[in-house]
Amino acid sequence: MSKSKKGKLNPSLSELVKKFSKNDVIAEMEKEYQHAESKRMPLSLIDDNSFIKRVEIPNSDIEMVAKSISERGIYNPLIVRPSGSHYELILGRKRYLASKKAGLYEVPVVIKDAGDEETLLMLLADTRDQRSANVVEMAFIYSALNERFHYSQLTLAEISHQSRSQVTNTMRILRLPDHIVKEISLGKLSYGHAKAIVSLSDEEIESVVRLIHEEKLSVREAEELAKQYSLTPSAFPDESETLKKKYGFDSVLIKKLSVSFSFKSAEEKEKFLKGLEK
C-alpha cells in the first residue's frame, strides 16, 4: 500500500477492486450513513460532483423527487466530501438537485474524507447497481478512472460486472457531439442507437439522428443506415453538393444505383414531397 500526502495508508488497487466489485457495497454504505451522525448543511455550500455534473437528468424525475422531499423530507443524507471552503457531492445527486428544485435552504449530510479515486469508485458502484443506470454517467466515470488513475478496461469491466467490450462501447459514447450525448443522457436517444452511429462523422451523425427521430428508426434500422454511410461514401461529391443546395437537403449519399438524403426539418421534407406531386 502507498501513503497519501497526509501520511495515511491508501488501499491498493486490488483491495479497491475487491471492495467495490461487491454488489451491495453502496447499499451497505448507505445503511451505515443512515445510522451515522449527520449534520444540517446549507445547500449553498455544496457543489455538484465535478466528475458527472455534465450528466443531464430528466426534469420530470427531478420534479417527482422534489415533490416527495417537500412532502416527506429527505430520508437518506447526502454524502459529501470537503472541497476547499465548500463541500463536493459524492452520492445522492438526484436528491441534491431535487432539494434545490424544492427550494430547501439546508439538507442533512454525512461528511466523508474521500479522495478522487475512491469517489469515482463509489460513483461507479452506485451507478452500476441502479436499476436504470445512466450510461452517460458510467462513461464519464470510466473515462476519469482510465485517464487519471490508469484503470484498464479489463479492471473497469471487473468492477462494473460488464464485459470488456461493453466498457469500450460505453466509453466511446463520449466521442459523440455534446448535444447528442445530452440526448442519450435524457433518454431521448437509446444506447443502442448511440453505438450504431458513434463511428460516423459529425455530419453523418446529425443526419442519422434526425432520421432516427423523424422516422422512428429501430436500432437495427439505424445500424443499417450507419453501415451505408460508413462503407459506401458518396462517389459523386459534386452532384451531392448540387442537390443539397438546390433542394435544401441536409445530406445526400449517392451510390451507383441509389440516392439517399435527409432534410433539415420535417417542413423541408413536406415541401419537397409536395413538389414531386406537381
Residue identified as modelled with pLDDT of 75 or more and polar (S, T, N, Q) among SER14, SER44:
SER44
Residue match in segment 78-96 (condition: part of a strand (DSSP E or B), surrounded by 15 or more Cβ atoms within 10 Å (Cβ to Cβ), of a type in the set (Ser, Thr, Tyr) and at pLDDT 95 or above)
yes
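Given the residues SER201, SER218, SER152, which is the only one that is over 19 Å from LEU120 (Cα atoms), over 17 Å from the mean Cα position of the chain (by Cα) and at pLDDT 90 or above?
On the way: SER201 fails: at pLDDT 90 or above; SER152 fails: over 19 Å from LEU120 (Cα atoms).
Exactly one residue qualifies, and that residue is SER218.
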Can you tell me which of (1) surrounded by 12 or more Cβ atoms within 10 Å (Cβ to Cβ); (2) modelled with pLDDT of 85 or more is the one LYS39 doesn't meet?
(1)
Given the criteria surrounded by fewer than 17 Cβ atoms within 10 Å (Cβ to Cβ) and at pLDDT 85 or above, does HIS193 qualify?
no
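The values are calculated or read from the model by the stated rules, or taken from the named source; none is laboratory data. All values derive from a computational prediction rather than experimental measurement. All Cβ positions, glycine included, derive from the backbone under ideal geometry; neighbour counts span all protein chains shown.
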